[in-house]
Amino acid sequence: MVVALLLATMPAAAQYQLAEGLELERYDSATRTLHADGDVHVLKIDPELWRLDVLVAGGDDKARRHLDQWGEDHGLYAAINAGMFQADGHTHVGFCQVGGEVLNRAPNRYQSAFVCDPLDPDDPIFAIIDLDEVPLQDLRRQYRTVVQNLRLIKHDGRNRWSPTRKRWREAALAEDRRGRALFILCTRALSMHEFNELVLALPLDVVAAQHLEGNATAGLWVGLLPSGYASGIDATGKVPNVLGIRPRVKGTTVE
């Protein structure tokens, strides 16, 4: 069970070095600047130091959980939605292979997949791939974990959405130019076009991004949430899948 570690007597701020290779930043979506009370939360993760794991309710335990419950039950240090799920409340929307096991073999028209656990150690340890550039079948042969989701931003930093009136709270996964994974939660309701423009305007150096979840079930949980950081970044709904992180290297410094 992971207990949230508080950084003692730390004043409210907009940037935190939570641990080696793990940074938390907060931005105001209106001004697009760092702000301690901002509505955009960004967790920057170095995949060389932090392992990304997809956890899915299944087998004898099909219980959906809040993100913090997923984290505490599975020893995670942070968690975000792993993607949308179907009407049965469990099955991932799109192709989903985790640790080499195919959980949903039916791909859809979504043009993005995140991958991790490469079979060849020379391949990137984490990446967001455009499926109109690299076939899904190729990724299955290269990576143990391949999860298809709705594309937001195509390489190299191209907004793929037109303006629309539909708006919602957004949980997204992004990749920056350094190859880091970014867990992003925007609690202000925006259209996908507006969200993409916001993410590309922030000093995040994002090269690709995909939609994970929207509205009540979209959330972000951080077990290392520092003292002075306002609460409320978890989701209000229970979810059947999460993308979580654990230290990859034994001895990774956690302040």
Cβ-Cβ distance below 7 Å, separation of 6 or more or different chains: which pairs start in the stretch 65-79 with a residue that is surrounded by 24 or more Cβ atoms within 10 Å (Cβ to Cβ) and end on one that is assigned to a helix (DSSP H, G or I) and among the small types (G, A, S)? A79/G71
Neighbours by Cβ (under 7 Å, 6+ apart or cross-chain): first from the stretch 207-223, among the charged types (D, E, K, R); second part of a strand (DSSP E or B) and crowded, with 24+ Cβ neighbours inside 10 Å: E213/N81; E213/A171
Give the number of residues within the stretch 1-34 that are of a type outside the set (D, E, K, R), closer than 28 Å to A189 by Cβ, modelled with pLDDT of 95 or more and not in a strand (DSSP E or B). 3
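Report the residue count in the stretch 66-103 for those that are touching a Phe, Trp or Tyr at 6+ places or on another chain (Cβ under 7 Å), farther than 23 Å from I45 by Cβ and modelled with pLDDT of 95 or more.
1
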Determine whether V115 is touching a residue at least 60 places away in the same chain (Cβ under 8 Å), closer than 18 Å to H211 by Cβ and crowded, with 22+ Cβ neighbours inside 10 Å. no
Against the definition (surrounded by fewer than 17 Cβ atoms within 10 Å (Cβ to Cβ), of a type outside the set (A, V, I, L, M), at pLDDT below 95 and under 20 Å from V54 (Cα atoms)), how does G232 come out, yes or no? no
Candidate set from the stretch 180-217 (those that are over 19 Å from R165 (Cα atoms) and under 10 Å from the mean Cα position of the chain (by Cα)); member that is surrounded by the fewest Cβ atoms within 10 Å (Cβ to Cβ): L182
For a quick check of your reading of the model, give me the residue pairs whose first member lies in the stretch 160-180 and is under 12 Å from V206 (Cα atoms), whose second is among the acidic types (D, E), with beta-carbon atoms closer than 6 Å and at least 6 apart or on different chains. D176/D205; R177/D205; R180/D46
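Where residues in the stretch 135-153 are surrounded by fewer than 20 Cβ atoms within 10 Å (Cβ to Cβ) and in contact (Cβ under 8 Å) with a residue 40 or more places away in the chain, which of them is nearest to the chain's Cα centre (by Cα)?
Among those that are surrounded by fewer than 20 Cβ atoms within 10 Å (Cβ to Cβ) and in contact (Cβ under 8 Å) with a residue 40 or more places away in the chain, it is R144.
The values are calculated or read from the model by the stated rules, or taken from the named source; none is laboratory data. The structure displayed is predicted, hence computed values, not measured ones. Methodologically, a virtual Cβ is constructed for each residue, glycine included, from the backbone with ideal geometry; neighbour enumeration extends over all protein chains shown.
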